[in-house]
Amino acid sequence: GPIWSMAANGTGTRLAIGCEDGSVKIFQVVPGGIQFERNLDRRKGRVLCLSWHPSDTHIAAGSIDIFRMIDVTSGQTVQRIMVNHQVQKAKRDCVVWAIALLSGGTVVTADSFGRVQFWDWEQGTLAESHTVSTSAVLSLAVSEKEDSIVVGTSTGATYQLQLLPVKLGGPEKRWVRTKPFQHHSHDVRAVAHSPTALISGGLDAQLVIRPLMEKMQKKGYDAVLRKFTFPHRRLVSCARKARLLLFQFSQHLELWRLGSTEETGKDGEVLPLCRMPEHLVQLKSKGPEHIYSSCVSPCGTWLGYSTASRLHLYRVCCDDDGVSLRKVPKVPKLLPPAYQLQFSADSDRLFVASARGAVHVLQLLEPGGCKHLHTLRPPSGCSEAVYLLAPSADGHWLAAVSGDWAIHTYNLKCFKHHCVVPTYSCAVTALAIHPSTNNLVIAYSDQQLLEFSVPEQQYTAWSRSVQSRGLHRSWLERDSPITHITFNPKNPSHILLHDTYLFCVLDKSLPLPDDSTPLMNQSTLKQLPETARKRQLHAFKICKKFQPLLFMDLLDENCLVVVERPIMDLKTQLPLPVQQKKFGT
Amino acid sequence: CRAPPAGVPAACGWRGVPGAFPRGDAVSPRRYLLCASGDFVKVYSVATEETLRLMGGHADLVTGIQLNPHNHMQLYSSSLDGSIKLWDFMDGIPIKTFTVGSKLLALYTLAGAEDSVFVVIPKKGERDTFQLVSVKLTKGAGQDLEAQEVSVVLDGVGASPKHIAFGREGEYVVSVKEITLQVYFFKRKLLNRFSLRAVKTKGGDNRFSCVACHPVEDCIATGHADGKIRLWRNFHHKKEYTYSTLHWHHDIVMDLAFSMEGTRLLSGGVESVLVQWHNESAWQKDFLPRLGSPIEYISMSSDGALCCTLHSDNRITIINSNLRFSRSIQGLIKSRDIKTGLVVDPRTKALVLNGEPGHLQFYCLQSDQQLFSLDIVQRQYVHQAGLQQSDLVKVAFSARGTWLATVEEREEVTDPELELKLWFYDEETQSFKLNTRINTPHDNHITDMCFRDMDELEDDSLILVTTGRDCVFKVWVMVEDTDPEAQQRVSWSCDFVGSYHNYQATNCCFSEDGSLLAVSFEETVTVWDSVTWDLKCTFCHPPGNIRNICFGRLTCSKYLIGATDYGFLCCWNLLTCALEWSAHLNVVVLQPDPLSEHIAAVSWLSKESSLFVFKPNEPRPIYIQRNLCKEKILLAAFVPRDEPETTGSEKYLWLRRSQLFFLTDTQELMTLSTKSLEERLTPSSKQLAVEESLPVTPFSLLLGKHRRQESQEEIDLGKLVVHNKHEQASPAVKELLHTPAHVLPSASFLCPIFINSLLISKENKSAEEVADEVDMESEKTEDDSDEERDVTEMEQEDKSHMELLGEMTCKLSKSQEKELRKIRKVDYSWISAF
């Protein structure tokens, strides 16, 4: 039947799976897959949650109204405990949504009555019960030291429970509900407890990292609450020449033609459109699989997407009366399929990022065909998949980032590995190759920016000066990473960057700001006279007026396309949150 | 002479922490509730709500009371006068007095600390900075001891007793102030300081309001200004401390208390709801709602069976452990604003004034109890800041108390919502019944209201007059109800509307026989015939609006008295229609005695209130009491005595038939009394502990009185009086008493000794001089010099009862001293009274 729960043991060698029919199955984890090992004792009632004992001897399995303790070696149920024994008249079922087995033999259950209960499973007795919420507790995570528990509820609140001494310095300890956090508006479906932070994610499509202040050594960048709403991935691709935008949704793609205007106007004006934006085509992916990545070629004639199992390639034909898509036959079956797709600038090649550091190059053939040209691999081999690609505009170079954060550059003329950018201890969030200088600009997750000259195989002088000066503190303390980099063809010293909240033009010709001057100075600059403005100028020109930015690209010399995704749009699509009475409303 | 009336609690007096309920001794299972009230500590019986004992002895406000942790029959009390007293509260006897020296703002005791207590004192040299110090109580013989060993425990603590709490077994002390929490561990000498965020995010306000400690676990509960309760744990770590939050109150948490086992936490605030939290869980809580008024303090009894809440309207509620209301102890209810004035109910002789919001309280002066509370507004009171609520503004009784007129008003500046209600006293139900309700009787605020006071006449001659700021006065009369379906015989309707030059009507008053009505219109007093409603004559004393008017009574009924804003008291003769006399006096209150021709006027000048009693037919007052109190007296009332007092001296003849009560702006109720305080107290609150009890004979009473006077002076004059005075003065009397009767010399020999002992000794005299001097100074500030001569005489009489002169000693100048000496030569005349 359907699988309701899954849990790996402490060493990650075995996987337990709880099913609808009440059975618990054990799988061996082998390289590249799992292997069925045995069935454990089967009882009625779906198994909603599972937890291994740290020593792998027992499994706790939560079900409706009860939870069970299963001995792994014998496969027998050794204890069965009713969780709402004391609430005899309860009409509703008490669903054990989450369970955790502590090393000391305590079982922690979180149930739909909003309780977090602590049981001594050998005695079958309830040690403590904490009603943390009036609504269901859905998720639970225990810290490694087993002195703190975080639970998530269906009202969007997370609570921390701590094991604290009853008397200062005394041996007796008790679990106490301590801090409530309300960062979500909907169900908190998953929580995790890192040594220094509580991490929660829920139905409201947000991932929240809440650092625990008391574990932090100093107040600083790490001790700040982080919220992630948007994936740090490119979901929009743009065909510059054809002025098309491709939007990737989880189950379908949408292709839009941009509107255009002939007018010009002042700052802040909304120009009238002479051609309305046009929804050209909606492409639904087949089957239940989610779309993993997608891309449209710069000329707008090719469109590709990949799901978990295969790669799809289409040819877009624009006629007078509409747009038709033609599927490209005989796309080579690559396993596993693409993590990232990227067309070359002249739209005759498709780069497919694949597992083990490999990049496949497909040659696109008119009128609608393709063939596998070559596979680029790092010379030393790599276990991680490639997740970012950046081809150069002249078709000469390709940069690929794999999961181990190594950046390999390839020479596409001879399909040879060119060089490795010196590795840095952070993930790469965006990279691009400058069209004229072939400098590779790399943005890291710690907000560092580096420029690497691909032909010369070394960092550029500007990059070295940035490294020696250091970037502005408020730039480094932003919490959303740069997700896209482009260049201004008119002015080669301009680099255009954006993250979720800001758009930045980085002018390499201007001096870098130091920490004493404000980073955001555009509004003050406007008021200054010309001479003073010159003195105040620095390299970072930042615009923050956008609602969450998904994508930004330069179409041509004086046309920039920006894709916003207002949070309210997302929220209206969410299901209704749990009704709560709020005082004073 | 002035004394707070015994049994009438000063409304502002509940400032001390109520002590825990001590258990009675093993023999009698009675329990007591101790409460600091003004300068006194009161002992109530929990079972009967009665005031058992009133323990006085502090010279200033009692700020904290705590049971002696080593002897539960003893009580420590601290006061602003800088002393800690140890009492045996069963007998009401002060055992010891420890003088600390500086103001004591709060008191704490610990079971672990053998012979020291903790007090909060102001830090020397710094204003508004307070420190918690431990005071070692020296074990010396004798009653009065100096507490010298003082060591500072915590600096920068809050001044309120609620801001400090001692933890489990006295291992640590917690203090909260603003947004900082300090924990000091005694054994480890470790001070931890935690701060909350100061900025008010999301409407939160993190400032601390109170603190309580878990009795068995290491857990601190703090209340906050935004209604949150935080439970702190692990606070011995500087970093890894943690707290959880309970939130129900929507406004400031006034007090917190843990139960004895710590499983329950009680919290209270302005919502007048007592909340009981179980096991520190945010979801398990019980409520005891509708406690009437904001909760100020919560106290648990030592066995956990009872708890009591102290309310801002001067009431104690005793609550069972299962959160059931048990009983309440209430005296005069403190209202937000007394708008009705002090009115005497002719039927019960009770004082009637604003009580709970929208209610009228009937307060019995004799028993210090509320007789009943009449709901006038009859609307649910919602506590919310800024919400305009209807409240009672005027009240009037008819002469025999059968009719009650009330005016209620919604506090709005423009277009007030007014309602006039007339209530009839129902003999069967023994309560007032609503008879007529008149919406918008005037177009603007009603300024005054009175019934025609005619005892002998029938009901249908009853007339009610209201004056309003809409420039008219209206006369309301009873009419027979012709509608057969009407449930009542009569109802009220408007009979006459009078006005004068479009001036605002401010006061109204009927003459004693009811034939004349005086209505004041700003600067003018108009007199109307109450039968024909003709304007008879007008009086005016420009400049200044008329503040109060009243008619003289009995022999003086031909006079009309008025007080103006510019400080003139005028007396007009109604027969000649001329000004009889006028005096320059800033009269705040003008109150005629209904049973005599005396009129009491209270003036407010240079931050003190003075009382003048006069008869309208003579311009010089018959009684003057300067410096009646430091607070502004807002209201006064004459309450008829049940039986005329017999023992009053000549100066107090005007007090024979009725007693005068005052209400100050801090809502303290005071009275003038001819007797000293101790005479009025119940015999249980005797001052002297070590004296043997005397057989009750007229002679011993005389001696007792004498002795009490002395001790009274000792207290009154504070540091001025040398402490050995008592020992000096008493030998003659002691000798007299201790010598067996058969060896006593003849009475003629003893008499001079006895009389001499009654005379005021030398040390005492110096204090008296000071007293006189102060009075003279205050007189000079006023300019009615014609009174000065008799004033000095009177003051001489009163000095034995003078109070609170301690700080004024240093103002003597040479010339004044000379003047004083002159007076001293003539001032033995009062001995003739004996």
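The values are calculated or read from the model by the stated rules, or taken from the named source; none is laboratory data. All values reported here derive from a predicted model rather than from experimental measurement. Please note: Cβ atoms are built from the backbone with ideal geometry, for glycine as well, and neighbour counts cover all protein chains shown. Protein only, heavy atoms only, side chains kept; ligands, DNA and RNA dropped before computing areas. Shrake-Rupley method; radii C 1.70, N 1.55, O 1.52, S 1.80 Å.
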To the nearest µm²/s, what D does Stokes-Einstein give for segment A:226-301 at 20 °C and 1.002 mPa s, using the Kirkwood radius over alpha carbon pairs as Rh? 148
Inter-label distance, nm, simple model (7 Å from Cα along the C-beta direction), A:M276/B:R290: 6.4
Please report, to one decimal in angstroms, the Kirkwood hydrodynamic radius of chain A built from all distinct Cα-Cα pairs. 27.4
Helix-only [θ] at 222 nm, chain A, -39500 (n - 2.57) per DSSP H run of 4+, per residue, nearest 500, equals -1500 deg cm²/dmol
Alpha-carbon spread of segment B:229-356, three principal axes, descending order, Å: 66, 29, 24
Among residues of segment A:176-191, a drop of 10 Å² or more in 1.4 Å probe accessible area, assembly relative to the chain on its own, occurs for A:V176, A:R177, A:T178, A:K179, A:P180
A:S445-A:S185 FRET efficiency (beta carbon distance; Förster radius 30 Å; 0.05 resolution): 0.65
Treat each spin label as a single point 7 Å out from the Cα along the C-beta direction, and report the B:S151 to A:S493 distance in nm. 7.2
Cα-Cα over 30 Å, subset of A:K44/A:K179; A:K582/B:K421; A:K25/A:K333; A:K266/A:K508; A:K44/A:K173; A:K241/A:K541: A:K44/A:K179; A:K582/B:K421; A:K25/A:K333; A:K44/A:K173
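Over segment B:163-331, what is the percentage of antiparallel beta bridges among all DSSP beta bridges, to the nearest 5?
Numbers: 60 of 60 bridges.
Of all bridge pairs located within segment B:163-331, approximately 100 percent are antiparallel.
Please report the carbon-and-sulfur percent of the accessible area for segment B:163-331; probe 1.4 Å, protein heavy atoms only, DNA, RNA and ligands left out.
Values: 2980 of 6240 Å².
The computed percentage sits at 48.
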Please work out the FRET efficiency for the pair A:T134 and A:I567, using the Cβ-Cβ distance as r and a Förster radius of 25 Å; give the result to the nearest 0.05. 0.40
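Hey, what D do you get for segment A:422-575 in µm²/s if you plug the Kirkwood alpha-carbon radius into Stokes-Einstein at 20 °C and 1.002 mPa s?
Details: Rh = 16.7 Å.
The estimated diffusion coefficient comes to 129 µm²/s.
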So what is the accessible area of segment B:163-331 per residue, in Å², with the probe set to 1.4 Å? 37
The distance between the Cα centres of segment A:119-151 and segment B:151-185, in whole Å, is 34
Cα atoms only: what Rg and Dmax, in Å, come out for segment A:35-176? 15.1, 50
Once both label points are put 7 Å beyond Cα along the C-beta direction, the A:Q76-B:D415 separation in nm becomes 8.5
Buried accessible area between B and A, both sides, 1.4 Å probe, in Å² rounded to 100, is 1900
For segment B:457-589, the percent of accessible surface on carbon and sulfur atoms (probe 1.4 angstrom, ligands and nucleic acids excluded) is 47
Percent carbon-and-sulfur accessible area, segment A:497-541, ignoring ligands, DNA and RNA, probe 1.4 Å: 57
In percent, what relative contact order does segment A:422-575 have, based on Cα pairs under 8 Å that are 6 or more apart in sequence? 16
State in Å² the accessible area per residue of segment A:422-575; use a 1.4 Å probe, count heavy atoms of protein chains only, and round to the nearest integer. 48
Once you average over the residues of A:295-304, how many Cβ atoms of partner chains fall within 10 Å of each Cβ? 0
With no solvent term and unit scatterers on the alpha-carbon positions of segment A:358-463, Debye gives log₁₀ I(q)/I(0) at q = 0.17, 0.19, 0.23 Å⁻¹ of -0.77, -0.94, -1.30
Cα pair distances in segment B:513-605, grouped into 10 Å bins until the bin that holds the longest one, percent each: 17, 52, 28, 2, 0
Alpha-carbon centroids, segment B:559-593 and segment B:608-623: separation in whole Å: 11
Segment B:311-371 -> Rg/Rh from Cα coords, Kirkwood Rh, value 1.04
Take the Cβ-Cβ distance between A:K416 and A:S453 as r, set R0 to 25 Å, and report the resulting FRET efficiency rounded to the nearest 0.05. 0.90
So A:N39 and A:K526, fully extended at 0.36 nm per residue minus their Cα-Cα distance, gain in nm 168.2 nm
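What does the accessible area per residue of segment A:24-76 come to in Å², with a 1.4 Å probe and no ligands, DNA or RNA counted?
Values: 2460 Å² over 53 residues.
On a per-residue basis, segment A:24-76 sits at 46 Å².
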